[in-house]
Number of protein chains: 2
Amino acid sequence: MPARCRHFTVALLTGLLIGPMSATASQPPTPTRAQLLAKSSPVEWRTPNPDNLLVMQLPTGRVLIELAPDFSPLHAANIRTLVRQHYFDGLAIVRVQDNFVTQWGDPASDDHGDKSKLRSLGKARSTLPPEYTRPLDPKLAWTALPDGDVYAPEVGFSEGFPAARDPASGQEWLTHCYGMVGVGRDNGPETGNGSELYVVIGQAPRRLDRNLAIAGRVLEGMPLLSGLPRGEGPMGFYAKPAERTPIESVRLASALPPAQRPAVQVLRTDSATFAALLDAQRHRHDAFYQVSSGKVGLCSIEAPVREHAPTPAKH
Amino acid sequence: MPARCRHFTVALLTGLLIGPMSATASQPPTPTRAQLLAKSSPVEWRTPNPDNLLVMQLPTGRVLIELAPDFSPLHAANIRTLVRQHYFDGLAIVRVQDNFVTQWGDPASDDHGDKSKLRSLGKARSTLPPEYTRPLDPKLAWTALPDGDVYAPEVGFSEGFPAARDPASGQEWLTHCYGMVGVGRDNGPETGNGSELYVVIGQAPRRLDRNLAIAGRVLEGMPLLSGLPRGEGPMGFYAKPAERTPIESVRLASALPPAQRPAVQVLRTDSATFAALLDAQRHRHDAFYQVSSGKVGLCSIEAPVREHAPTPAKH
């Protein structure tokens, strides 16, 4: 028996086609994602601002999160304040709800938690304006995705983040795609402050768009957040404290010694290479695919992230 | 600090609204999913045919999969033949690729596997016609979802399975939503036979639609398949055999003694209660939501499954 599923996978990952669905076998197969990225130009990659880059250390490894201050500046500032106080150190992943979110914060804030043990927010604010949407601004980078969307009039990418726009309301917002990090809150729209965060680990719950502030995106380490046992308590909260994954520390990359700063870059979503990746997903031709989808959904592609050699600190 | 994220979750799960987005606070909150299901009628639920119900026993618990012979009858028949031979007993989950699929089958079929240890397919066929799509048939149940779709001209549900249609081609097919089970294959379109299966554990990879046979849907036990450590080998294959999750057994429900048959029912997707669940997701009004999405994506809702008291076997 052939290794059908390994071949299946190779084809899935590499079957990137520029040609039409009716392409003949004489056409060369579409270049792979790795091939397209290898041909990219250095200027097509951006290095996240280290003031926007969170380094969350778990016992299992490192998670990198890029904040999105263009969309949620007050939340980014509050999260930076919390992180500089080492607020998250020793807290935990408290909830993993299947096909929904993984969430971390203060276990004492759980309904059954010991409120006397709640960690102080220190200099951080306890409430914030919602920042669920922001006004359209031509100065903000925007790469339209013309393939359509079920939930929003227009969708695309802004500085690597999936986003939506509504010309009628004059607003834009980040969308709840896989790997996007949101700000938990109570019922009141100003009750979120960034001390409890969640990340999408399943089908994009787009109904949350415009109802919660999105703080940013996981650039590295998603498997450490998505591959956890699901909580068996109500709504995926862990029923037993021992099931929680402890958070060793969260730091801003800018607070780390230069040699310890994560060396990552994100492909610009307004680059030719990202456009080629989109086309390659729309129009596949290789030995595996029978038909091409012709489309890419907003949450079906992510801006690629790569490691690069550490560079001298710029500040 | 309030348990903001617990409340956040309650609202997410229960914020089901029939009223408009501009509804005032005087409106009662939308009934919850649990409330809507509690009001459902017994005739709105169907009991899967035990010849279509696979019971996969893992060390961590039970996974139930409903086959979809209306869409892939030859694959269903071949999988039944494999299961009756106890083909899967002692095989393993060999691959967990983040935001993509969990896959199980014969570890010896891996590229590095010992081909001399490949398990025989016995009376099962080694190749099958593709069954990636099927002709439209008015006799097949169909509940249209009018909310739109990025990938297909028409989408909806057929007997609880998410599906798409193209009137131009006269074809319909099941779609790669979260929890759908597909048939791994090699490059040749007839090389799938059901001995290697995968389940979607992330954002729906709709580009696979019409390129692979879909065998059915996981009705119970998704967390046992999705909450596994991601494989660190290429494409999510486990690099070390010890990382694989062994499969204790797979049986047809019809082959189990009546008292051991899983007692599950699936809400009919052509029922009034399912329509109410869809509307409640489109139009939410409660203390948490600021705006309603107005739409439901095909892969953003699943036909509910419930346990019911065991009933006497009918055959």
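General remarks:
- A Förster radius of 22 Å combined with the Cβ-Cβ distance from B:Arg125 to B:Glu248 puts the calculated FRET efficiency at roughly 0.30.
- Distances, shortest first, from the label point of A:Pro129 to those at the same position in the other copies read 6.3 nm; the point lies 7 Å along Cα to C-beta.
- Per residue of peptide B:283-296, the mean number of Cβ atoms on other chains within 10 Å of the residue Cβ is 4.
- Degrees separating the helix B:4-14 axis from the principal Cα axis of chain B, which is the longest one: 90
- Helical runs assigned H by DSSP (4 residues or longer) give chain B a calculated mean residue ellipticity at 222 nm of -4000 deg cm²/dmol, each run adding -39500 (n - 2.57) before division by the residue total.
- Selection from B:Pro304, B:Ala275, B:Thr102 lying farthest towards where the dipole of chain B points positive, charges on Cβ: B:Pro304
- Contour minus Cα-Cα distance for B:Arg84 and B:Ala38 (0.36 nm per residue): 12.9 nm
- Residues along region A:142-159 losing 30 Å² or more of accessible surface when the other protein chains are present rather than the chain by itself (probe 1.4 Å): A:Val150, A:Tyr151
- Sequence-distant lysines (8 or more away, or on other chains) whose Cα lies within less than 25 Å of B:Lys139: B:Lys314
- Chain B contacts chain A over a buried accessible area of about 6800 Å², both sides summed; the probe is 1.4 Å and only protein chains count.
- Around the Cα centre of chain B, unit charges on the Cβ atoms of Lys, Arg, Asp and Glu (plus for the first two, minus for the last two) sum to a dipole of about 540 debye.
- Centre separation in Å (Cα based) which lies between region B:184-257 and region A:170-237: 27
- Amide H partners (placed H, <5 Å) of A:Leu197, local residues excluded: A:Trp104, A:Gly184
- Note on A:Ala239 and B:Ala144: their simple-model spin labels are 4.5 nm apart, each label 7 Å out from Cα toward Cβ.
- Cross-link reach is defined here as a Cα-Cα straight distance under 22 Å, omitting same-chain residues fewer than 8 places apart; for A:Lys123 the lysines meeting it are A:Lys115.
- Above-threshold pairs, the threshold being 28 Å between Cα atoms, out of A:Lys117/A:Lys240; A:Lys295/B:Lys240; A:Lys295/B:Lys295: A:Lys295/B:Lys240
- For A:Lys39, the aspartates and glutamates whose Cα falls under 17 Å of its own Cα, not counting residues fewer than eight places away in the same chain, are A:Asp270, A:Asp279, A:Glu307.
- Other-copy label distances relative to A:Arg46, 7 angstrom Cα-Cβ extension, nm: 4.9
- The residues of region A:85-126 have, on average, 43 Å² of accessible surface per residue, using a 1.4 Å probe with all protein chains present.
- Estimated FRET transfer efficiency (A:Thr47, B:Ala259; beta-carbon r; R0 60 Å; 0.05): 0.45
- For B:Arg125, solvent-accessible area (1.4 Å; no DNA, RNA or ligand), Å²: 120
- Those residues of region A:68-95 for which accessible area with every protein chain present is at least 10 Å² below the isolated value (1.4 Å probe): A:Arg95
- Seen against the Cα atoms of chain B and their longest principal axis, helix B:73-84 is set at about 60 degrees.
- Inter-probe distance in nm under a simple model that places probes 7 Å from Cα toward Cβ, at A:Leu136 and B:Ala77: 5.7
- Label points for B:Gly148 are taken 7 Å from Cα along Cα→Cβ. From this copy to the others they lie 0.8 nm apart, shortest first.
- What the phi angles of region A:36-48 give under the Karplus curve with 6.51, -1.76 and 1.60, with θ = phi - 60°, is a coupling list of 5, 5, 5, 8, 5, 8, x, 6, 7, 10, 10, 9, x Hz, glycine and proline written as x.
- Relative to the longest principal axis of the Cα atoms of chain B, helix B:272-282 runs at roughly 70 degrees.
- Neighbouring Cβ atoms from other chains, within 10 Å of the Cβ of residues in A:182-191, number 5 on average.
The values are calculated or read from the model by the stated rules, or taken from the named source; none is laboratory data. This structure is a prediction, so every number in the text was calculated from the model and none was measured. Glycine also receives a Cβ, built like all others from the backbone with ideal geometry; neighbour counts cover every protein chain displayed. These accessible areas exclude ligands, DNA and RNA; they are computed on the full protein's heavy atoms, side chains included. Shrake-Rupley method; radii C 1.70, N 1.55, O 1.52, S 1.80 Å.
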